[in-house]
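The values are calculated or read from the model by the stated rules, or taken from the named source; none is laboratory data. These figures come from a predicted structure and were not determined experimentally. Backbone-built Cβ (ideal geometry, glycine too); neighbour counts: all protein chains shown. Accessible surface areas use protein heavy atoms only, side chains included; no ligands, DNA or RNA. Shrake-Rupley method; radii C 1.70, N 1.55, O 1.52, S 1.80 Å.
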Amino acid sequence: MTLAGGRIAAIDRVDRTEPADVTLAGKALLPGTVNAHCHTFQSLLRGLGDDLDFAGWRDRVLYPFSERLDRGAIALGASFAFAEMLRHGATTCVDFFYLQDEGNENAEAVIEAARAVGIRLVLARGMYDWEGAPKRYREPVADAARRTRELIAAHRDDETAVVQPAPHSPHGASAAMIRAGWELAEAEDTRFHIHVAEGRYEGERTLQEHGATPIRYLDRLGVLGPRMLGVHCVWLDDEEIELMGARHAALAYCPSSNMFLGDGITRVPELRKAGVRIGLGTDGGCTNNRLSVFEEMRMTSLLQRVRVLDGAALDAATAFELGTRSGAEILGLDAGVIAPGRLADLVAVDLDDASLHPRTDLLKSVVYAMSDRAVTDVWVHGRRVVESGRLVTVDERRLLARVRELTQGWCAPPAVAGPKCEPQGRPGAAAPRPEASETKGLRLPRRDDEPWST
Ligand SMILES: [Zn+2]
């Protein structure tokens, strides 16, 4: 195989090797996997909100702890998440990013982190105006639209980062904000991302507030179409599934996150049958808590089997397709398949790894059995970013040391089950008190408010 200009130039047999050639004896080359939905900063919150219900996780962990993250911490969280994803064979990541602080500087820090670590990035720039959310998430519609347009323009010629609008959800974004996101996608010829029907409550709430369930509401707004990536789509009725297919909308499916938060099970075979295009996402690192698309392939297949009580509900080839080619297609990327002309985003796996034994069907083994340990080498846009199991772009030990330093002493507020609130490391370091200091200037939603999507 010959790589040139970030793409696969040719695939052919060679009689002799050149000094610059890489030989992969005993390895198989796979297309890099595509993580169609993530929130990278949430990796820094991993372990803080486990075993809580959704409202507890959001109000006691996500909101107060995301207030602690300055730009440096946002970039560190992104680097931490990107590094883990690359080591697990994900070559593209969608970061649905909403810590804007009324500007684009934080988003630019995430884009820079992706470049440094070496992953392909789709920065889904959040557009958010629900007044119950932390202030730093929120912007007036006109400002969000202008900043998103500027960020798209700034990266139009970027080879490994693309920006797409992301109105948060039918409840996190007003009708005007959702329309603004869609109009930008139309004008700039991009896709747009929106959380849809993650929790059961959302259908009732959207029906109450807008007179229609989420997919019907989006259709009424005129935004349900081929540019839309609906995230989750757990609670759709039969007609909404048909409507999504009829409008050629796409789904970013996050099975592990849906299980972790107890959301429910998206009806993937029915959505596929209706013509909905699907990619797989890990969602944020504190609602999964792993960042592996190979893992999501396995979960996709197993979860559907449990739902319909059929071991043949969704096979390995389909799960692999969703995590690679289909995921790239819904994002508008020329990746996810090994063929001349496609982006050179590749993963080598060690066929000698025990998890790939016995050597029966490689594709089935990759989906159902492979350990992430088997991933030895990763290329993104032709650049070798993992070599013999080690990241070559950043010093992973130093990265982890910085994560430890930042999160030292972090723990869930005392009223909540979670890690014990004991200061660790530095003797005498006091455990922070998020309720007192971190919620300053932050209007937490009333406890009886409905939760919103992750
Ligand atoms: Zn999300």
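Mind grabbing the accessible area of residue 235 for me, 1.4 Å probe, Å², rounded to tens?
Surface open to solvent at residue 235 totals about 90 Å².
Would you mind working out the accessible area per residue for the range 209-360, using a 1.4 Å probe, and quoting it in Å²? Could you put the intermediate results ahead of the total?
On the way: 5360 Å² over 152 residues.
Value for the range 209-360: 35 Å² per residue.
What does the net charge come to around residue 396 if you take all other residues with beta carbon closer than 12 Å to its beta carbon, with K and R at +1 and D and E at -1?
Numbers: positive: 87, 390, 397, 398, 402; negative: 84, 395.
So the surrounding residues net to +3.
For residue 273, list the aspartates and glutamates whose Cα falls under 19 Å from its own Cα; do not include residues on the same chain fewer than 8 positions away.
Leaving aside aspartates and glutamates fewer than 8 places away in the same chain, those within reach of residue 273 are 237, 238, 239, 240, 242, 310, 315, 321, 329.
Using the Karplus curve 6.51 cos²θ - 1.76 cosθ + 1.60 with θ = phi - 60°, what ³J(HN,Hα) values do you get for each residue of the range 294-310, in whole Hz, with x for Gly and Pro?
So the J values, rounded to whole Hz, are 4, 4, 5, 4, 4, 5, 4, 5, 5, 5, 5, 4, 5, 5, 9, 6, 8.
May I ask you to rank 310, 238 by accessible area, largest first, using a 1.4 Å probe over the protein chains only?
Details: 310 70, 238 105 Å².
The most accessible residue leads, giving 238, 310.
Which shape class applies to the range 86-159: rounded if a/c is under 1.5, otherwise prolate when a/b exceeds b/c and oblate if not, where a ≥ b ≥ c are the square roots of the Cα gyration tensor eigenvalues?
Details: a/c = 2.60, a/b = 1.68, b/c = 1.55.
Prolate is the answer for the range 86-159, as a/c is 1.5 or above and a/b outweighs b/c.
Would you kindly find the accessible area of residue 394, with a 1.4 Å probe and non-protein molecules such as ligands, DNA and RNA excluded, rounding to the nearest 10 Å²?
40 Å²
For the chain, what does -39500 (n - 2.57) per DSSP helix run (n ≥ 4), summed and divided by total residues, give at 222 nm, in deg cm²/dmol to the nearest 500?
Numbers: 17 runs with 159 residues, N = 454.
After summing the helix terms and dividing by residue count, I get -10000 deg cm²/dmol.
How many angstrom lie between the C-alpha centres of the range 100-160 and the range 211-238?
Centre-to-centre distance over Cα atoms comes out at 23 Å.
Find, among the trypsin sites (Lys or Arg not before Pro) in the range 353-407, those assigned to loop by DSSP (not H, G, I, E, B) with at most 10 other beta-carbon atoms within 10 angstrom. Write down the numbers at each step before the final one.
Working: sites: 359, 364, 373, 383, 384, 390, 397, 398, 402, 404; in loops: 359.
Sites meeting the loop and neighbour criteria: 359.
How big is the range 305-423 on each of its three principal axes, counting only the C-alpha atoms and giving the largest first in Å?
51, 43, 35
In 5 Å bins starting at 0, how do the alpha-carbon pair distances of the range 161-235 split up by percent?
3, 18, 31, 26, 13, 6, 2, 0
Could you calculate the FRET efficiency of residue 159 with residue 105 from 1/(1 + (r/R0)^6), where r is the beta carbon distance between them and R0 is 25 Å, rounded to 0.05? Could the numbers behind the result be given before it?
On the way: r = 22 Å, r/R0 = 0.88.
Computed FRET efficiency for residue 159 and residue 105 comes out at 0.70.
Please identify every one of the trypsin sites (Lys or Arg not before Pro) in the range 1-78 that sits in a loop by DSSP and has no more than 14 other beta carbons within 10 Å of its own beta carbon. Don't jump to the answer; show the numbers that get you there.
Values: sites: 7, 13, 16, 27, 46, 58, 60, 68, 71; in loops: 13, 16, 46, 68.
In loop regions of the range 1-78 (DSSP not H, G, I, E or B), the sparsely surrounded trypsin sites (Lys or Arg not before Pro) are 13, 16.
Stretched out fully, how many nm does the piece from residue 16 to residue 369 gain, at 0.36 nm a residue minus the Cα gap?
Working: separation 353, 0.36 × 353 = 127.08 nm, distance 3.47 nm.
Here the answer is 123.6 nm.
Return one quarter of the surface area of the convex hull spanned by the alpha-carbon atoms of the chain, equal to its mean projected area, in nm².
21.9 nm²
Label residue 9 and residue 204 with points 7 Å out from Cα along Cα→Cβ: what is the distance between them in nm?
6.1 nm
At 1.4 Å probe size, put 209, 159, 396 in order of accessible surface, largest to smallest.
On the way: 209 105, 159 125, 396 60 Å².
Listed by decreasing accessible area, they come as 159, 209, 396.
Please identify the trypsin sites (Lys or Arg not before Pro) of the range 242-304 that satisfy two criteria: DSSP loop assignment and at most 14 other Cβ atoms within 10 Å. Which are they? Could the numbers behind the result be given before it?
Working: sites: 247, 267, 272, 273, 277, 290, 298; in loops: 247, 267, 290.
Passing sites in the range 242-304 do not exist.
On the full set of protein chains, 1.4 Å probe, figure out the accessible area of residue 91 and give it in Å² to the nearest 10.
It works out to around 0 Å².
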